[in-house]
1. For the stretch A:189-289, what log10 I(q)/I(0) values come out of the Debye formula at q = 0.14, 0.17, 0.24 1/Å, with one point per alpha carbon and no solvent?
2. Just the C-alpha atoms of the stretch A:32-317: what Rg/Rh do they give, with Rh taken as the Kirkwood radius?
3. Which residue, A:Ile183, A:Ala254, A:Leu198, has the largest displacement toward the positive end of the dipole of the stretch A:32-317 when charges sit on each Cβ (Lys, Arg +1; Asp, Glu -1)?
4. Tell me, what is the per residue accessible area of chain B in Å², probe radius 1.4 Å?
5. Quick one: give the max-minus-min coordinate of the C-alpha atoms of chain A along each principal axis, largest first, in Å.
6. Just tell me how shielded B:308-315 is by partners: mean number of partner chain Cβ atoms within 10 Å of each residue's Cβ, no decimals.
7. Can you give me the convex hull volume of the Cα atoms of the stretch B:131-286, divided per residue and expressed in Å³?
8. Compare the Cα positions of A:Val377, A:Asn415, A:Thr349 along the charge dipole of the stretch A:329-445 (+1 at Cβ of Lys, Arg; -1 at Cβ of Asp, Glu; about the Cα centre) and return the one farthest towards the positive end.
Amino acid sequence: MYIKKYITKQIFNRIRPQRNKSTKNIDEHKWKSVVGLEVHAQISSESKLFSSAGCKFEASVNSQVSLFDAAIPGTLPRLNEKCVEAAILTALVLKCNLNKISLFDRKHYFYADMPAGYQITQQFRPIAENGELMFHVIDQNVKKDPYIKTSFIKQIQLEQDSGRTVHDESSQTSLIDLNRAGIGLMELVFEPDLCNGLEASSLIKELLLIFESIKTCSGRMEEGALRVDANVSITNRDELGTRTEIKNLGSVKAVQLAVDYEIFRQKNIIKNGKKIVNETRGWDSVSNKTISMRDKEVLQDYRFMPEPNLLPLNLNAFDINKLQLIIPELPFVIRKNIMKKYDLNIRKTCILMNEPVLLSMFFDIMNHDKSRNPSRVWNILTIDLLTELHKRCIESSQCKIPSNFIGEVVDLLDNNTLNLAYAKKVISVLFDETNKSPSQIVTENNWEQIYEEEKIDHLCKEVMIECPKAVKDYRRGKVQALKFLIGQLAKKTNNKVNIAYASNKFEELLKNE
Amino acid sequence: MISFLKKRLRDQTLSAVDLYTKTLKDLENKSNLNAFVHINQDGARQALECQKQLKNGIQRPLEGIPIAVKDNFCTKGIPTTCASKMLQNFIPMYNATMVERLQAAGAVIVGKTNLDEFAMGSGTVDSIFGPTKNVWRSNSDEWHIAGGSSGGSCTAVASGVCVAALGSDTGGSVRNPASYCGIVGFKPSYGLLSRHGLIPLVNSMDVPGIVAQTVEDVMAVFSVVIGPDLNDSTCLNMNLDTNKFQQDFSIRDCRIGIPEEYNCKGLSKEVKDTWNYIADLIDNSEGMVKKVSLPHTSASIATYSVLNACEVASNMSRYTGILYGYRSTQNYKSFESLITTNRIEALGEVVRSRILSGNFFLLQSNYEKYFLQSLKVRRLISDDFQNIWKSNYDFLVTPTTLTTAPLLSEFKSLDNRTQCATQDYCTQPANMAGCPAITIPVKLSKSKMPISIQIIGQNFDDIRLLQFANWLEKKITFTQIYPYN
C-alpha cells in the first residue's frame, strides 16, 4: 500500500505543472490545512497493563509501582485482561475491525522515566484497525451552519504509559515518579482528515462523550488521562505537505488553539517563501503559541522488536458478544433522542451534551414535570446557571445545586412569579444559601414579579406622566422613545415588572391618546 | 545421590545441619575452583528449619538438600550480580520462581555460582569474579575451563560440594559445562520452567536448567520446579506426569536418529568414537538407530548471533544505573552522559559489543535484512526438528561438545564469538526449537577428561527423555565420584 501511494505521488509530481516558486503572494484559498490526531487514552482499570500495581491518580509518589514497573531485572510482563476488554469495547464503539491475533512490540529509547529502556506497544499488529468516529462541528459563530464530520481511525493499539520526571529547579535535580509508568494506554491513531482546530476539538469532545458513556477512560484531560498529539500540515496540491507534530495537548481548548495557531504559522512560513521543517512542537498555553521542542529534533530510530515475553494476544479468549451487549446508548443516539423529544436544535443539543452534569439535570427537571418548557429549561441551565458557575470558577461537575431547585426556578418563571432578571438573582443566592428553596428566596427578598394588568396599567400611566417628552416624541413617530419609557418603568420597579406586558401596555396607552 | 541423602536424613543418621555444615566446609576447601561467588547468609537458619521439620517427621521432597543457584537467578536478600560490575551491588527484593519452589520443597540454597557476564559466554571466563576452574586435571599452572556459562554450578556439583544446582541454558550454557565437567546437565523444553526472576539473556530461548550427578537427581529437582507460573506468560501448564519417570522404560519401542550434520568440522575423533559407541550400544539393545538429517543445523550459530544480539541490546537497555546498579562517580552533564558513563564503566566488552551489533541489526533499515531473516531461518531450524518428530523418531543422539574441555590458554586465544561458535554448535539448535535436551557423561578421554553425549527429545516429552537418559546412564558405567586434588 505504501509503495502504491509512493508511485501515485511520483506520477502526480510529473504531470502537475511546476508552480512558479518565486511567487510570494500565495493565494490563501488554494492552501488547505490537513490535521490528523493521535489520542493517548489511559485505560480506567484497577491495575496496570502488565503488572498488579494500582493506577490511582493522586497516590503518593512512587507508591503505585511493582517490581516490573521499575524494570527490576528478571521481572516479566503479565497482561491485564481488563485492559484488553476496555480496548475491545472502545474498538467496537468506534466501529473498528478487531484483530483476532495481535502482537506486542518493544519500542526502544532512553528516557529517565521509562526504566526498561523500551515501551511495550503494538507497532506491527495492533488490537484493532480501520474504525471511524462521526461528530458534529459547531462554530461559536451562530451564522455558520453546524455540520457532521467523520474521521477515520487507522488503528487502536495497547501500550504502556511512561513515568514522570519532575525537574527541581532549586536543587538542579530531576526526580522520577513511576506511579504512571506502565498504566495501560489506548493509542487511537486517526487518519489526517480534519482541516482545522474546530474540527479537531469537536472530535475530542465527541470522544470524551463516548468515554463518558462506555467508561473505558476517565477522559479527565486535566489529570492527563487523555492526551492529544496533532499532526498538522498545509498543502496546495493533492499530496500532503511537510508536517509538524504538536505533542501532549492537555485540554480541548488547547487542541483547538494549537492546531489553528500551527496552521497560521505554517501559512506564514510559506508566505515568506520558506520551508516547513518536520519537527515536534509543544503548546505553550501562556503565549498561545506552538514552540519547537529541540530535544526531540534528532531523528529517532526506535529499533522495534517483538516482545518475547508475551504470547500473541488472542481475542478468541474474550467474550466479544458479551462486551457488545454492555455497550450503553452512545452520544450520537442520545443527541438524536434529545432533539426529537424536546424539540431542541442541534446547536443547543450539543452544548447541553458537552456538559454532562447539566445534561443529567436537564433530564431530571424534564422527567419530574413533563409539561415544563424544554427551551426554557435549556436556557436556565446552559446560560444562567453556567454563567454563574463560570463567574464563581466552579466546574460544572462540582455544581451542588439540586436539580429540583432549578426546576422550581423554571416553574416560577413559567407561572410569572419571577422574571428573568430575578431568576438570575435567585440562582446566585442558591449558591450561597444552600438550604433555601427558590420560592423561599423569592418570598424573603420580595422578588415577586409585577405582572397583574391593573398594576402595570397604573405604573405605565405614572411613568407617562413623569416623562411627557418621551411620550411626545413617540407620538411624533420616534419609536425608540418607547424603550426609554420601558427603561424608566424598570428603574421605578427595580426591574421587577414583566417587561413584555409593560411594553404592550405602553403601546396601547400611547396609541390611545 | 539425593535419594540416598533423603534416606539418611529420614533415618536421622545425618542431620540437615550437619549436611549443610559439611557442604559449607567443602565449599571453603574448594574455593580455589571459584565456583561460588556469594554464600547464602541465611543458609544455616534454613538448614536448622529443615532439621526441625525432619524431627517432626515432615520430609518435603528436597528437605535439607543443599542446592547451588547460578548468579543470574534473583534471590531475595542475596546479591545477584550476573557476574557483572553493573549489578555488583544489586540485592533483589524477590525470589525467582525456581528458587521459591526449591525452597518450598525444603532445599537449602547454599550460595550463588559463577557465570560469564550476563551469561554471555561458554567458558565461565568473562566474569568479574574471574574464571571458574574445571575439577578435572586442574592444577595451579595449567587448568581447563569449566565451560559456560553455568560453569560455576557445574563445578559446584562436579567437585561434590552439592548434589544439584540451577543453571540457565540459552545456547548450551547448561549442557556445555556439564559435559566438560562430566556431570548430567538438563535443559527442559522451553515453556516448562518459569523464567520469572531469571535475568534474561535471550528471552525466547532462555530455559532454567538443572545440573546434578545423576539423571535421577535431575529428575528429583525437576519434579519440584515444574509447573505453570502466572508471573511468566510463556510458562505453560502441560500437566506432565512426573511419576511416569519411575515406570518401565523399554528401549525397544524407541526410534533414535543420528543427525549427520552433527558430524561436523572440528569434531574430535574421541568424541566421534564415543558417539558411535553410544549408537552401537543402543542398537545392540534393540533400539532402532538410524541416520537422519537436520539440514539447517549449520545456519544455527549465525542465526543465533543475530537474535542473541538483538534481544541482548533490548534487555540490557534497563541497565542505566539510575534506579539500581552501578553508578559512576564521574561528573555528568546530562541524563545521556550519565548513563553512557555508567554503561561504559560497568559493562564488559563482550556485553557492549553484543549491544552494539544488536542495535545495528534492529535499525529500521536493517530489521528485515537481519532480524526478520534470522527469524525465518530459526523457523527452518525448528522445522527440521519437528519433521524428525513427525517421522516418528523419539530422540536424537548427538555429541554435546566437539571436544573435551579446552585449556584456559587455548580458549582465551579465541575471541568470544569464535568461542561460542565452536562451543555451542551441537547444543544451540535445540534452543532454537525449544526441544528438551540432556547431556550425560560417557567416558574419559585418553587425557582423562570427560566426554559426554547429548540426547534431544520432542517438545514437552521431557519425562520420556529423562527416562531414556536414565536408562542409558545405567548402561554405561561412568565413575561419578571425581578425584579432586
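The values are calculated or read from the model by the stated rules, or taken from the named source; none is laboratory data. Source: prediction; values computed, not measured. Note that we place each Cβ from the backbone using ideal geometry, even for glycine, and neighbour counts take in every protein chain shown. The accessibility values were calculated without ligands, DNA or RNA, using every heavy atom of the protein model including side chains. Shrake-Rupley method; radii C 1.70, N 1.55, O 1.52, S 1.80 Å.
1. Here log10 of I(q) over I(0) equals -0.55, -0.77, -1.34.
2. Rg divided by Rh gives 0.97.
3. So the residue furthest toward the plus end is A:Leu198.
4. 37
5. Extents along the principal axes, in whole Å: 93, 62, 54.
6. 4
7. Per-residue hull volume (Cα only) is 155 Å³.
8. Projecting each Cα onto the dipole axis, the largest value belongs to A:Thr349.
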